[in-house]
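Heads up: the structure comes next, in structure tokens.
The values are calculated or read from the model by the stated rules, or taken from the named source; none is laboratory data. Because the structure is predicted, anything quoted here is derived from the model rather than measured. Cβ atoms come from the backbone with ideal geometry, glycine included; neighbour counts cover every protein chain shown. Accessible surface is based on the protein model in full, side chains and every heavy atom, while ligands, DNA and RNA are left aside. Shrake-Rupley method; radii C 1.70, N 1.55, O 1.52, S 1.80 Å.
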Amino acid sequence: MEYDIKDIELADDGLHRILWADRDMPVLASIRERFERERPLEGVRIGACLHVTTETANLMRTLKAGGADVRLCASNPLSTQDDTAAALVKHYGIPVFALKGEDTETYYRHVDAIIDFCPQITMDDGADVVGRIHESRREALEHIIGGTEETTTGVIRLRAMANDQALAYPIIAVNEAKTKHFFDNRYGTGQSTLDGIVRLTNRLLAGRTMVVSGYGWCGKGLAMRAKGMGCDVVICEVDPTAALEAHMDGFRVMPREEAAKVCDIWVTVTGNLNVIDEPCYRTMKDGAIICNSGHFNSEINIPWLEAHAVKKTALKPMVDEYTLEDGRTIVLLAEGRLVNLSGAEGHPANVMDMSFANQALCAEYMIAHAQDMAPDCYDVPVEIDSAIAALKLETLGVAIDTLTDEQVAYMNSWNMGTV
């Protein structure tokens, strides 16, 4: 079996952590039990480019239980858990290509290893596999029937490709599922981002001013959690509706150049480019801490810091201090990579239970329906989203009401007005 990991001897430690995460992923476990009986993915090759974590390992176990032939590489150079990678190889027989801290050349070599596998379904977190296939590995398109995408950043790229009629096969935007938004983006990002910041800095959050760029689902979750920790939260937005919502939710809203003057900690969660840029650096407070929780490190203009700093000091692993010409310092966490995965362990297992349930069921759906789907970026089918929410409620011991026949008739009528 081909693989490229740090150390196979880490496998037993990784196994313990995978099974620990599995205890808090009951929805995915129930899907895995059904997959073992029904084998809906029998013989299908799935090439996955995801964060190599214990939660992802349980998704890989589920896909394999369904009969799939799976390969996995990392979707971020700093998020890989080396013991998890080893456990997947040794204990579950799943080829993994991931090394924590791998350089860019190695990262794309690992992406190519997934493409060399001739996958029939791609499973992406950021659309790097999809992008590489379309740009330079188009021979792989011969085998592909469809794919899934996990993140906002990836969905943005895929929709741009679809709008340009460049997308060559159908892809389901798992990121757009309601169950993914509520749990992963909102509750997961909010908690795990603060976890990463605190682990790397050991700074007290209470009383600090935290700037959050982007008030989408991730930004909302982060702002809510930061406020709960005692932060004075400032929101930067380009969308007037999102900015109005942030204001009505009780947060200060201001342009980034103004926010730079007051921020103690700045987190980007937009999926865009150069969100923290030269105008911000020019007015930023001395000692300000900046980081990203929005997938790619391009959200922060790091090349500007590298070019204009007179000194760069590694204060500790993944904490770099840049000294500017006027003596002010700016501290960058985790090289601008995802701070929640690079500085901590990413989302809790209970959160990823929902996201990866969507991945597993969308892979099953794609196998059944891909032949009827034109190349495009599709939302998760409503029936899958609702089924996952119902499963989650069941595992939590929460019961809800159901509509009566009379209520169903009323909701579907047009001639039953006010009596």
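Quick notes on this one:
Let's see how each residue does on (1) open to solvent by 10 Å² or more (accessible area, probe 1.4 Å); (2) of a type in the set (Lys, Arg); (3) touching a Ser or Thr at 6+ places or on another chain (Cβ under 6 Å):
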{"site": "Gly14", "(1), (2), (3)": "no, no, yes"}
{"site": "Pro26", "(1), (2), (3)": "yes, no, yes"}
{"site": "Ala29", "(1), (2), (3)": "yes, no, no"}
{"site": "Val44", "(1), (2), (3)": "yes, no, no"}
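- Those helices (runs of 4 or more DSSP H) lying entirely in region 201-299 with at least 1 residues in contact with a Ser or Thr (Cβ under 6 Å, 6 or more places away or on another chain) and within 25 Å of Leu324 (Cβ to Cβ): 256-262
- Selected residue (criterion: farthest from Ile171 (Cα to Cα)) from residues of region 69-88 that are open to solvent by 10 Å² or more (accessible area, probe 1.4 Å) and modelled with pLDDT of 95 or more: Asp83
- Only one of Ala360, Ala368 that is open to solvent by less than 60 Å² (accessible area, probe 1.4 Å), over 28 Å from Asp164 (Cα atoms) and among the hydrophobic types (A, V, I, L, M, F, W, C): Ala360
- Scanning region 369-390 for residues that are over 22 Å from the mean Cα position of the chain (by Cα), in contact (Cβ under 8 Å) with a residue 40 or more places away in the chain and outside any loop (DSSP other than H, G, I, E, B) gives Ala370, Gln371.
- Just one of the listed residues (Lys100, Lys64, Lys90) is in contact (Cβ under 8 Å) with a residue 40 or more places away in the chain and either in a strand (DSSP E or B) or over 20 Å from the mean Cα position of the chain (by Cα) (or both), namely Lys90.
- Single unsatisfied condition, Asn185 versus (1) modelled with pLDDT of 95 or more; (2) in contact with a Gly (Cβ under 8 Å, 6 or more places away or on another chain): (1)
- Residue tally, condition farther than 20 Å from Val52 by Cβ and assigned to a loop (DSSP other than H, G, I, E, B), over region 306-356: 7
- Within region 40-58, residues that are acidic (Asp, Glu) reach partners that are assigned to a helix (DSSP H, G or I) with beta carbons closer than 6 Å, at six or more positions or on different chains, in the pairs Glu55/Ala21; Glu55/Ala349; Glu55/Met352.
- Candidate set: region 265-302, residues that are within 25 Å of the chain's Cα centre (by Cα) and among the charged types (D, E, K, R); chosen: the one least open to solvent (accessible area, probe 1.4 Å): Glu299
- Residue match in region 116-137 (condition: under 30 Å from Val238 (Cβ atoms), of a type in the set (A, V, I, L, M), out of contact with any helix residue (DSSP H, G or I) (no Cβ under 6 Å at 6 or more places or on another chain) and without any contact (Cβ under 8 Å) to a residue 12 or more places away in the chain): no
- Condition met for Glu257 (of a type in the set (Asp, Glu) and within 21 Å of Leu305 (Cβ to Cβ)): yes
- Lone qualifier among Arg186, Arg208 - being within 14 Å of the chain's Cα centre (by Cα) and either crowded, with 17+ Cβ neighbours inside 10 Å or within 20 Å of Val155 (Cα to Cα) (or both): Arg186
- Of all the numbered requirements in (1) of a type in the set (S, T, N, Q); (2) open to solvent by 40 Å² or more (accessible area, probe 1.4 Å); (3) under 27 Å from the mean Cα position of the chain (by Cα), Thr404 misses one, and that requirement is (3).
- The conditions of being open to solvent by 40 Å² or more (accessible area, probe 1.4 Å), of a type outside the set (Asp, Glu), at pLDDT 95 or above and closer than 24 Å to Asn350 by Cα are met by Arg225.
- Sole exception among (1) under 18 Å from Cys291 (Cα atoms); (2) open to solvent by 10 Å² or more (accessible area, probe 1.4 Å); (3) touching a residue at least 12 places away in the same chain (Cβ under 8 Å); (4) more than 17 Å from the chain's Cα centre (by Cα) for Cys218, by number: (4)
- Region 143-179 - residue that is among the charged types (D, E, K, R) and open to solvent by 40 Å² or more (accessible area, probe 1.4 Å) and, of those, farthest from Val380 (Cα to Cα): Asp164
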